[in-house]
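Take a look at the structure set out below.
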Amino acid sequence: MRRKFSIPPQQPGLFDGLDDFNERLDPDFEIIPPEKMQHIAETYARPSIIDDLPPLEATDKVFFMSFGSGSSGNCAYIGDRNGGFLIDAGIDAKKVTSALMANGIPMSRVGGIILTHDHHDHISQAYALLRANRHMRLYCTLRTFNGILRRHNISRRIKDYHTPIYKEFSFKIGRFEITPFEVMHDGSDNAGFHITHGDRAITIATDLGCISHRVDHYMRQSDTIVIESNYDLQMLRNGTYPEHLKARIVANNGHLDNAVTAEFLAGIMSPTLRNIYLCHLSHDNNAPQIAVQAVTDAISKSEAGAGSDIRVIALPRYAVTPLYTL
């Protein structure tokens with residue numbers, strides 16, 4: 001089995017310099033210098049969405065829904081009885097809005113969008129959602145935000161909604177505490193998120209090429225994991241993709257194959273792990289039943305996973321899922 005467990009030589013964080021974007025295409029593009037970070041954070045900081053509710057109880061329910069997962073677009077919702085937030089914004093804004101409303105969740109209860117990275121399938125609908133819901137904030141690192149402005153045809157007014165976040169520094173949306181962490185992928189500045197709420201702990205890593213120490217660290221603390229299971233290695237090798245694209249996919253900053261995801265999950269099984277959601281499955285080099293089977297087989301063969309009652313679900317590429325209770 002090909003292992004893709006590695007440690008990035010250096011993990012970007014709060015004090016990293018920004019990429020050199022001197023060759024930007026847009027004359028209105030503006031680099032946010034590091035010395036303004038604190039000022040920006042204070043200027044755009046917003047209080048929690050819910051400030052006057054009773055103290056949080058450990059039994060409060062947490063909900064999860066996916067609106068689509070894959071290279072065609074990614075967006076998910078996490079919330080509680082009072083409100084929540086979106087993770088990425090690559091799915092049509094009207095589809096997201098109507099799916100939430102169908103479950104009794106108006107957009108007024110969605111506090112913001114947190115972005116994993118700046119690829120088009122994760123950010124294409126961000127401005128449309130923000131413009132239609134002006135109370136919402138856009139949470140992403142400064143390098144991700146500058147990558148969005150440099151690489152995509154998007155209104156510069158999106159700057160009005162941006163709240164900077166920093167890896168390994170927690171922030172809050174409503175009653176959720178969110179900690180961004182480094183993942184290995186080929187975007188500008190890729191992040192996973194460890195999300196806590198009462199006694200719930202959810203870790204999300206949608207696009208990554210290998211399992212780093214930070215991914216391992218946060219996922220071991222979680223009762224719910226959303227992790228990429230992008231391709232079946234044999235399907236990819238025998239498929240029609242050009243060799244340069246195959247090489248990009250299997251690289252340590254590319255995507256995860258089913259076997260690596262399955263081996264990792266089997267190795268971190270514990271009695272507290274309840275839900276596994278497999279995301280970003282390839283349309284050409286994978287299938288939901290293949291990905292789920294790889295994970296369930298690996299878990300059943302592990303000492304900790306044998307006989308465990310754990311939910312393993314492959315998130316659909318285009319369809320909206322039910323509103324799962326975590």
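The values are calculated or read from the model by the stated rules, or taken from the named source; none is laboratory data. Bear in mind the structure is a predicted one, so any value in this text is a computation, not a measurement. When we count neighbours, we look across all protein chains shown, and the Cβ atoms used for this are built from the backbone with ideal geometry, even at glycine. Keep in mind that these areas ignore ligands, DNA and RNA; they rest on the heavy atoms of the full protein, side chains included. Shrake-Rupley method; radii C 1.70, N 1.55, O 1.52, S 1.80 Å.
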Go through region 287-320 and count every residue that is closer than 18 Å to Asp121 by Cα and not aliphatic (A, V, I, L, M). 3
From the option list Ile87, Ile78, single residue qualifying as under 17 Å from Arg317 (Cα atoms), under 21 Å from the mean Cα position of the chain (by Cα) and modelled with pLDDT of 90 or more is Ile87
Ile211 fails exactly one of the following numbered conditions: (1) in contact with a helix residue (DSSP H, G or I) (Cβ under 6 Å, 6 or more places away or on another chain); (2) among the aliphatic types (A, V, I, L, M); (3) open to solvent by 20 Å² or more (accessible area, probe 1.4 Å). What is the number of that condition? (3)
Identity of the residue in region 54-75, over 21 Å from Asn103 (Cα atoms) and at pLDDT below 90, that ends up surrounded by the most Cβ atoms within 10 Å (Cβ to Cβ): Leu56
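Residue-by-condition table, conditions (1) over 30 Å from Arg274 (Cβ atoms); (2) modelled with pLDDT of 95 or more; (3) part of a loop (DSSP other than H, G, I, E, B):
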| site | (1), (2), (3) |
| --- | --- |
| Asp52 | yes, no, yes |
| Ile113 | no, yes, no |
| Arg134 | yes, yes, yes |
| Leu138 | yes, yes, no |
| Gly147 | yes, no, no |
| Arg150 | yes, no, no |
| Asn153 | yes, no, yes |
When you scan region 97-106, do you find a residue that is among the small types (Gly, Ala, Ser), part of a helix (DSSP H, G or I), over 18 Å from Ile78 (Cβ atoms) and out of contact with any helix residue (DSSP H, G or I) (no Cβ under 9 Å at 6 or more places or on another chain), even just one? yes
Here the residues within region 164-187 that are open to solvent by less than 20 Å² (accessible area, probe 1.4 Å) and hydroxyl-bearing (Ser, Thr, Tyr) are Thr179
Return the total of residues in region 122-158 being free of Cβ contacts under 8 Å to residues at least 40 places away in the same chain and over 27 Å from Tyr218 (Cβ atoms). 15
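Just to be sure, is Arg109 out of contact with any helix residue (DSSP H, G or I) (no Cβ under 9 Å at 6 or more places or on another chain), surrounded by fewer than 24 Cβ atoms within 10 Å (Cβ to Cβ) and farther than 26 Å from His213 by Cα? Write out each step before concluding.
Working: out of contact with any helix residue (DSSP H, G or I) (no Cβ under 9 Å at 6 or more places or on another chain): no; surrounded by fewer than 24 Cβ atoms within 10 Å (Cβ to Cβ): yes; farther than 26 Å from His213 by Cα: yes.
Criteria not met by Arg109.
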Number of the condition not met by Ile91 [criteria: (1) touching a Phe, Trp or Tyr at 6+ places or on another chain (Cβ under 6 Å); (2) outside any helix (DSSP H, G or I); (3) open to solvent by less than 10 Å² (accessible area, probe 1.4 Å)]: (3)
Quick one: count up the residues across region 254-303 that are at pLDDT 95 or above, among the polar types (S, T, N, Q) and open to solvent by 30 Å² or more (accessible area, probe 1.4 Å). 3
In region 149-166, the residues that are within 16 Å of the chain's Cα centre (by Cα) and of a type in the set (A, V, I, L, M): Ile165
